[in-house]
Amino acid sequence: MNTVVNHTNWMQALHDQGVWREHEPMARHTTLAVGGPARWFFRPADRNALIAAIKACPADVVILPLGRGSNMLIPDTGFDGFVIDLSDLDEISFGHCNVRAGSGARMSRVARQCAEHGLTGCEFMATVPGDIGGGIAMNAGCFSQQVSDSLHRIEVVLRDGNIIEIEHADLKMVYRHTELPTGSLVLSATFTLQPDSPEQIRERMRSMRSRRSSTQPLAQPNCGSVFKNPDGDHAARLIEAAGLKGFRIGGAQISDQHANFIINTGEASSADIVALIRRAQAAVKQHSNIELETEVRMIGEWEYILTGDGNG
Ligand SMILES: Cc1cc2nc3c(=O)[nH]c(=O)nc-3n(C[C@H](O)[C@H](O)[C@H](O)COP(=O)(O)OP(=O)(O)OC[C@H]3O[C@@H](n4cnc5c(N)ncnc54)[C@H](O)[C@@H]3O)c2cc1C
């Protein structure tokens, strides 16, 4: 946890441009409610403050973009870098059959506003608890829809502070992963949508919400699906077949409602959760000879992160 950086007041120049903290507990910012302190933490008030922060940040400090922390696992020892919380960059605007949303706009809010405007294509976002920036980085999806289906273009800020636009056709987006330029942060995204009746759009969103609440353990801290589904199968089925449904290590438990969810029963550490992840991977390998890959982004010490690439 010793970053060798001469950080002489680099953050103080920005103190009036957003919320600044040092040693900020990341358990406050992740839906699993675990994770030690971030060395530096900043929530820029607007995009100028964001760009100023990126330019001020010394080149050897790793930057980690943060949305709602709904797909992040941070070690108990914390994150020895600069977390930038983009949640205040949350403007949403509409054009003819398109919506442009800032990286910090909640996907559920975007979905609701699209319904009000009679535009279909974002309904699935109503049930994903992340922001647009996190949704782009993860290529989030459910109910047979994903972010890449309706994405038109994104705007990103590079590690040197320059802003560029990238068309969907020039982005490599696969199942639960988008290749962004190294060290970049998504600033906004534009989606192309189709006209439809607001009532029918709302009805589809209601149905998705109710399917989700009847099958997933939403009352306890979690990060959604922990593992990617392997081709032609489901991680939940494989974990259950390996006999681990309900299995517990410390305060972390494989949900007995949905075996691809790990819940924090109240006093879990990140180490408990990682031990459970490794245990599930070993059991599924032994039982079905399949290697489960994590969907949750494991940030920091337990995975080597290249300087300047905060995407885990
Ligand atoms: C109850 C529950 C249900 C869920 N259901 C689903 C589901 O159905 N489908 C699904 O796909 N996911 C699901 N998830 C996981 C999660 O909500 C999504 O992956 C979501 O897209 C993450 O968004 P976030 O803003 O929380 O990202 P974070 O968790 O904050 O970040 C995730 C990754 O994206 C990077 N990132 C975040 N913002 C930016 C940015 N602006 N620029 C560049 N990189 C960025 C982070 O550095 C990190 O590597 C679920 C999670 C929960 C808790």
Open item on the list: Given the criterion in the same structural domain as ILE132 (by TED's automatic domain parsing) and over 17 Å from SER108 (Cβ atoms), identify the matching residue among ALA169, ALA189.
Closed with: ALA169
Task: Elements of type strands (runs of 3 or more DSSP E) in segment 76-119, at least 1 residues being under 16 Å from ALA137 (Cβ atoms) - done: 79-85, 98-102
TODO: Tell me the strands (runs of 3 or more DSSP E) entirely within segment 176-288 that contain at least 1 residues that are out of contact with any Asp or Glu (no Cβ under 6 Å at 6 or more places or on another chain) and within 30 Å of ARG47 (Cβ to Cβ).
DONE: 177-179, 185-192
- [ ] Note down all Cβ pairs under 6 Å where the first residue falls in segment 278-303 and is farther than 15 Å from GLY243 by Cα, the second is of a type in the set (Gly, Ala, Ser) and modelled with pLDDT under 95, and they're at least six residues apart or on different chains.
- [x] ARG297/GLY312; ILE299/GLY312
Task: Verdict on GLY141 being touching a strand residue (DSSP E or B) at 6+ places or on another chain (Cβ under 7 Å) and either at pLDDT below 95 or of a type in the set (Gly, Ala, Ser) (or both) - done: no
Task: Residue ID - nearest to the ligand (Cβ to nearest atom), chosen from residues in segment 166-183 that are without any contact (Cβ under 8 Å) to a residue 12 or more places away in the chain and not aliphatic (A, V, I, L, M) - done: GLU179
Open item on the list: When you scan segment 120-137, do you find a residue that is within 7 Å of the ligand (Cβ to nearest atom), assigned to a strand (DSSP E or B) and closer than 22 Å to ASN48 by Cβ, even just one?
Closed with: yes
- [ ] Keeping to segment 8-26, report how many residues are touching a residue at least 24 places away in the same chain (Cβ under 8 Å) and not in a strand (DSSP E or B).
- [x] 6
Open item on the list: Which numbered condition in (1) free of Cβ contacts under 8 Å to residues at least 60 places away in the same chain; (2) crowded, with 18+ Cβ neighbours inside 10 Å is the only one that VAL186 fails?
Closed with: (1)
TODO: Scan segment 223-271 residue by residue and report those that are crowded, with 18+ Cβ neighbours inside 10 Å, small (Gly, Ala, Ser) and more than 14 Å from LEU292 (Cβ to Cβ).
DONE: GLY224, ALA252, SER255, ALA268, SER269, SER270
Task: Some residue of segment 128-137 being surrounded by fewer than 18 Cβ atoms within 10 Å (Cβ to Cβ), modelled with pLDDT of 95 or more and small (Gly, Ala, Ser) - done: no
Open item on the list: Given (1) within 20 Å of PRO25 (Cβ to Cβ); (2) surrounded by fewer than 21 Cβ atoms within 10 Å (Cβ to Cβ); (3) under 17 Å from the mean Cα position of the chain (by Cα), identify the lone condition not met by VAL61.
Closed with: (3)
Task: Qualifying position, being assigned by TED's automatic domain parsing to the domain that holds HIS168 and either surrounded by fewer than 23 Cβ atoms within 10 Å (Cβ to Cβ) or touching a strand residue (DSSP E or B) at 6+ places or on another chain (Cβ under 6 Å) (or both), among ARG100, ARG47, ARG28 - done: ARG100
- [ ] Check segment 151-162 and report whether any residue there is surrounded by fewer than 20 Cβ atoms within 10 Å (Cβ to Cβ), among the hydrophobic types (A, V, I, L, M, F, W, C) and modelled with pLDDT of 95 or more.
- [x] yes
TODO: Considering (1) within 11 Å of the ligand (Cβ to nearest atom); (2) not assigned by TED's automatic domain parsing to the domain that holds GLU165, say which one ARG106 fails and leave the rest.
DONE: (2)
Task: Which numbered condition ALA115 fails, given (1) within 11 Å of the ligand (Cβ to nearest atom); (2) buried (at least 22 other Cβ atoms within 10 Å of the Cβ) - done: (1)
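The values are calculated or read from the model by the stated rules, or taken from the named source; none is laboratory data. Please read all numbers here as calculations on a predicted model, not as lab measurements. Ideal geometry is used to build each Cβ from the backbone, glycine not excepted, and the neighbour counts take in all protein chains shown.
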